[in-house]
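These notes are about the structure you will find just below.
The values are calculated or read from the model by the stated rules, or taken from the named source; none is laboratory data. The shown structure was predicted, so the numbers you read here are calculated from the model rather than taken from an experiment. Neighbour counts are summed over all protein chains in view; Cβ atoms, including those assigned to glycine, are modelled from backbone coordinates with ideal geometry. With ligands, DNA and RNA removed, areas are computed over all heavy atoms of the protein, side chains included. Shrake-Rupley method; radii C 1.70, N 1.55, O 1.52, S 1.80 Å.
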Amino acid sequence: KLPGSRNLIDPMRMRVDRHDVYPKPDLDGGYLGDGYPLCSELPAQGFLARGARYIFLGSSSPESDVLVLSPESSLYRELCSDASCSTPMPSRELSATLACHGEECEVETLRAVKLPHGYYEYIPPACVHLFFFNGREIAQGNRRFSWKRSCANPEARVAGTSCCNTSVDPRQEARICGYHSERVRLATAETRCAKVGMEVCAERTTAGDCGFDDMYVWTPAACHVDIEVDPDGKVSSMLNTVTKQNKFTVGWLGSGFPRQKAGVCPTGCTPSGEACACTAVAETALVFDQVPGPAELLARLKIRTSPPTSPCAANCESAVGVRAYTTGAAIDESTVFEYEGRFFKNQEHVVRVGEFSFRNPPVFVQRADLRVRDALAEVESLLDHLFRHPNTPVFFARLLIQRLVTSNPSPRYIADVAEAFRSGTYAAPDPQQAASDVTAAPATSSGAYGDLAATVLAVLLHDEARGGGGEGEASPETSGALREPLLKVVHFLRAMEYVDDTGREVSLRDLSEVIGQFPYLSPSVFNYYLPDYKPDRFADGLAAPEFEIFTTPTAMSFLNGMMSLIQRGLGTCDDGFGMWSPNCKNGQLMLEDPGNPAEALAELDILLTGGRLSSREAIRKAYETAEEGEGFKAAQKAIIMTPEFHTLGEPLAAGPREHVAPEPVEEPRSYRAAVMLFFGGGADTFNMLVPLNCPLYEEYMQVRTDVALLPQQLHSITTTGQACGEFGIHSELSFVKELYDQKQAAFVSNVGALVEPLTKAQFNSGGASRCVGLFSHSDQQQAAQTLKCQVSGASPKGAGGRLADALG
């Protein structure tokens, strides 16, 4: 967001430093990381295995830990497209497992490799870490070693190897790495140190090898992170003040969780406000002592693992059951189960909290090692989860129909398209046959869930899209949609065969403030308009999303720009849509005039309205009465004024508009007006109004940390009857301070939407009416505008509108 600008949205950028690293529940009572293997259990040297993927980064790498490949390496040869290794390949997937060479044999994994022509990033399989762990301390190397320490998961590759000979000569030390800045697990660091007769260093060292000065190295010191359990059973890590504020839901096993009774917490916990601060211990437990059934397996085992090396021991010939792989005769923690090609280790990861326990939640991103690739894997996991959700076919079907055919599809239309999405097939009817005599053509598309070919076919070839529909379904009065302004511009340019004078791509200026739309410049993350928006005069239950940006200014600006395009070509003159050019145009429309009204009208009707034009005589008259050589342009200008050009669906001509005599102008009189300024978007209200010189300010400073404001950065005001007698207004709001001192402004804080009085217990139990979309920004914004949060959408009028209706 640039100061004084509209939203600039780049959907391709991931800021991992701002990414939420906490466990995220899915919609099925589990976590987003369920179904993925633990990163600590991925096979060593997977970067050499068949199927390993590499992506070319360019002449530099964002990663500091890079392995420089030797020309003798098999991997080197695989990533080189020619003998000189000078031409990069965009990506590469290994077709066979390679033998390691030199340093490659000493490392567990890697992130990037260097070749003469540039860098490649290794894309490991998506994997997860356990959020809670029995930790070991990591410390920043060399001179910072005693300055900054953190508690890390010993199974995670987040720190380097620093070795010392503490028993013989503490001054004997070494940094060991397979390549520069290599991060390894604690066990790997201990093994490497043992090979040279040393141990992992507990104190600061002076060795400067391996590039560990600005990164963490392992230490032998144990550490643990306590947790806080709130009265609702939500958990937060007590690692620091930031993690303590981020509570999340966990799956408590058995009955109950630690909670205060008469101010006392269970064994292993101590009171912390209304919550209990507890010691947490991560454990691994055996789940099954015999081969489970498929339902039981999937209900208990959530973390996948790699295919086992041990032989199949049970149900080996079964095509539908659960197979077991074990090294011994008994089913134990090392046993691996297979079901439908997926492998699960016979272990359950839990966190013990005194006599209680909960499942240890998986996460993709580690706080100790923030990686863009891990954050992207989490986003992909979310998309996969939503894609497979049973509501997705219906949700997607409705929105796609709205975009392509009609704003108000019937339930049958939505159901048919949803079924095509779900089944991946659609029996396309013959469009040449009458709607009453449609015979199914061969099924089209792949048969895979979510097949877009089948889905789009169902949208476009459904009888409702072609003017049909049964009793009680969509009618001509409720069918159709207003077209998006940018699509109308692009449609017109393509249909009229626009050509740039210099052969460039089409260049449009920023039209977001002109027609209400422009690529990557939606006013917020909620797109240009909401899918359930409807104008005030529309009947209840009807939506017209595109009307949200169809305002008088945008409608007039659209017509002005189109007139300029037709008359002059694409440029800036006469409020045109193009970029500046010395002669007012960068290109022009090349479709030629057929030379007579009938042919011109027929061609424009097909190209611009799909053969739906109803006011043909008016268009013909515009063509025939235009100045010589201007008839085709006159017809184009007339057609862009027709409802058929601006809408989808069948036009419903209502005839000439009745003349309504204007009301007599009354003499002006004095009046009072209530003006409400609604500031759309987000506001940091915690820095707009800040408590001062009271305990709340200390809490504010603790929670807001580096974004907190100091008293000298605020305009002080005083009040009575509040938790604090002094507050501070943000320094940029000096005019609000003046109005407050003049008793012309007041703050109403801690307010929100309610249908009726509601307690926290009622909210959790669902015992009272609640607002629609309580945790949705767009829904709550509409609730603030309509003051009727129990009704979805913008159909209820606001308080001002209802007052005006009541007053007549």
Seminar exercise, completed: Given the conditions (1) touching a residue at least 60 places away in the same chain (Cβ under 8 Å); (2) over 36 Å from the mean Cα position of the chain (by Cα); (3) in a helix (DSSP H, G or I), every one holds for Ala194 apart from (1)
For this session: Being crowded, with 18+ Cβ neighbours inside 10 Å, in a loop (DSSP other than H, G, I, E, B) and either in contact with a strand residue (DSSP E or B) (Cβ under 7 Å, 6 or more places away or on another chain) or among the hydroxyl-bearing types (Ser, Thr, Tyr) (or both) is the filter here, so list the residues in region 298-346 that pass it.
Result: Leu301, Ile303, Thr305, Pro308, Val322, Thr326, Ile331, Thr335, Asn346
Problem set entry | Filter pass, Ser522 being within 22 Å of Leu648 (Cβ to Cβ), small (Gly, Ala, Ser), touching a residue at least 24 places away in the same chain (Cβ under 8 Å) and assigned to a loop (DSSP other than H, G, I, E, B) | yes
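Given the residues Gly51, Gly35, Gly46, which is the only one that is at pLDDT 90 or above, in contact with a Pro (Cβ under 8 Å, 6 or more places away or on another chain) and small (Gly, Ala, Ser)?
Values: Gly51 fails: in contact with a Pro (Cβ under 8 Å, 6 or more places away or on another chain); Gly35 fails: in contact with a Pro (Cβ under 8 Å, 6 or more places away or on another chain).
Within the list Gly51, Gly35, Gly46, the selection yields Gly46.
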Problem set entry | Subset of region 88-142 that is open to solvent by 20 Å² or more (accessible area, probe 1.4 Å) and among the aromatic types (Phe, Trp, Tyr) - its residue that is nearest to Glu173 (Cα to Cα) | Phe133
Exercise. For Cys210, all conditions in the list (1) in contact (Cβ under 8 Å) with a residue 60 or more places away in the chain; (2) farther than 30 Å from Met701 by Cα; (3) not in a loop (DSSP other than H, G, I, E, B) hold save one; what is the number of the exception?
Worked result: (1)
For this session: Please enumerate the residues belonging to region 638-671 that are open to solvent by less than 60 Å² (accessible area, probe 1.4 Å) and small (Gly, Ala, Ser).
Result: Ala638, Gly649, Gly655
Exercise. Here are Pro271, Pro266: which of them is touching a Cys at 6+ places or on another chain (Cβ under 9 Å), assigned to a loop (DSSP other than H, G, I, E, B) and either under 16 Å from Gly233 (Cβ atoms) or open to solvent by 60 Å² or more (accessible area, probe 1.4 Å) (or both)?
Worked result: Pro266
Problem set entry | Condition broken by Ser181, with the remaining ones in (1) surrounded by fewer than 17 Cβ atoms within 10 Å (Cβ to Cβ); (2) of a type outside the set (Val, Ile, Thr); (3) in a loop (DSSP other than H, G, I, E, B); (4) modelled with pLDDT under 90 satisfied | (1)
Problem set entry | Subset of region 747-768 (residues that are open to solvent by 60 Å² or more (accessible area, probe 1.4 Å) and either over 22 Å from Ala683 (Cα atoms) or in contact with a helix residue (DSSP H, G or I) (Cβ under 7 Å, 6 or more places away or on another chain) (or both)) | Glu756, Pro757, Thr759, Lys760, Ala761, Gln762, Asn764, Ser765
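In this structure, is Thr161 out of contact with any His (no Cβ under 7 Å at 6 or more places or on another chain), surrounded by 17 or more Cβ atoms within 10 Å (Cβ to Cβ) and modelled with pLDDT of 85 or more?
Here the answer is yes, as Thr161 does meet what is asked.
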Exercise. When you go through (1) within 45 Å of the chain's Cα centre (by Cα); (2) among the hydroxyl-bearing types (Ser, Thr, Tyr); (3) closer than 30 Å to Gly800 by Cα one by one for Thr609, which number turns out not to apply?
Worked result: (3)
Exercise. Just for region 578-630: of the residues that are part of a helix (DSSP H, G or I) and of a type in the set (Gly, Ala, Ser), which one is nearest to Tyr498 (Cα to Cα)?
Worked result: Ala600
For this session: Quick one: which residue in Pro409, Pro390 is outside any helix (DSSP H, G or I), farther than 30 Å from Trp252 by Cβ and not hydrophobic (A, V, I, L, M, F, W, C)?
Result: Pro409
Exercise. Which ones in region 23-58 are in a loop (DSSP other than H, G, I, E, B), crowded, with 16+ Cβ neighbours inside 10 Å and under 23 Å from the mean Cα position of the chain (by Cα)?
Worked result: Pro23, Lys24, Asp26, Gly30, Leu32, Gly33, Asp34, Gly35, Tyr36
Problem set entry | Residue within region 148-158 that is closer than 18 Å to Arg53 by Cβ and of a type outside the set (S, T, N, Q) present | no
Seminar exercise, completed: From the option list Val281, Val229, Val250, Val235, single residue qualifying as farther than 30 Å from Tyr179 by Cα, hydrophobic (A, V, I, L, M, F, W, C) and surrounded by fewer than 19 Cβ atoms within 10 Å (Cβ to Cβ) is Val281
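One line per residue, one yes/no per condition, for (1) in a helix (DSSP H, G or I); (2) within 33 Å of the chain's Cα centre (by Cα); (3) without any contact (Cβ under 8 Å) to a residue 24 or more places away in the chain:
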| residue | (1), (2), (3) |
| --- | --- |
| Pro531 | no, yes, no |
| Asp536 | no, yes, no |
| Ala543 | no, yes, no |
| Phe547 | yes, yes, no |
| Ala555 | yes, yes, yes |
| Phe558 | yes, yes, no |
| Gly576 | no, no, yes |
Exercise. Which condition breaks for Ser792 when tested against (1) part of a loop (DSSP other than H, G, I, E, B); (2) within 28 Å of the chain's Cα centre (by Cα); (3) at pLDDT 85 or above?
Worked result: (3)
For this session: For region 244-285, name all the residues that are closer than 21 Å to Pro25 by Cα and free of Cβ contacts under 8 Å to residues at least 12 places away in the same chain.
Result: Ser255
Exercise. Restricting to region 603-633, what's the tally of residues that are within 22 Å of Ala653 (Cβ to Cβ), of a type in the set (A, V, I, L, M, F, W, C) and surrounded by fewer than 20 Cβ atoms within 10 Å (Cβ to Cβ)?
Worked result: 3
Exercise. Is it true that some residue in region 585-598 is buried (at least 17 other Cβ atoms within 10 Å of the Cβ), farther than 18 Å from Met641 by Cβ and touching a Cys at 6+ places or on another chain (Cβ under 9 Å)?
Worked result: yes
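Here is a yes/no grid of residues against (1) modelled with pLDDT of 95 or more; (2) of a type in the set (Lys, Arg); (3) under 25 Å from Leu27 (Cα atoms); (4) surrounded by fewer than 19 Cβ atoms within 10 Å (Cβ to Cβ):
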| residue | (1), (2), (3), (4) |
| --- | --- |
| Val417 | yes, no, yes, no |
| Phe421 | yes, no, yes, no |
| Ala443 | no, no, no, yes |
| Ser446 | no, no, no, yes |
| Glu464 | no, no, no, no |
| Gly469 | no, no, no, no |
Problem set entry | Of all residues making up region 225-241, the number that are closer than 18 Å to Lys148 by Cβ and either in a strand (DSSP E or B) or at pLDDT 90 or above (or both) | 0
Exercise. Within region 560-574, which residues are open to solvent by less than 60 Å² (accessible area, probe 1.4 Å) and part of a loop (DSSP other than H, G, I, E, B)?
Worked result: Gly569, Gly571, Thr572, Cys573
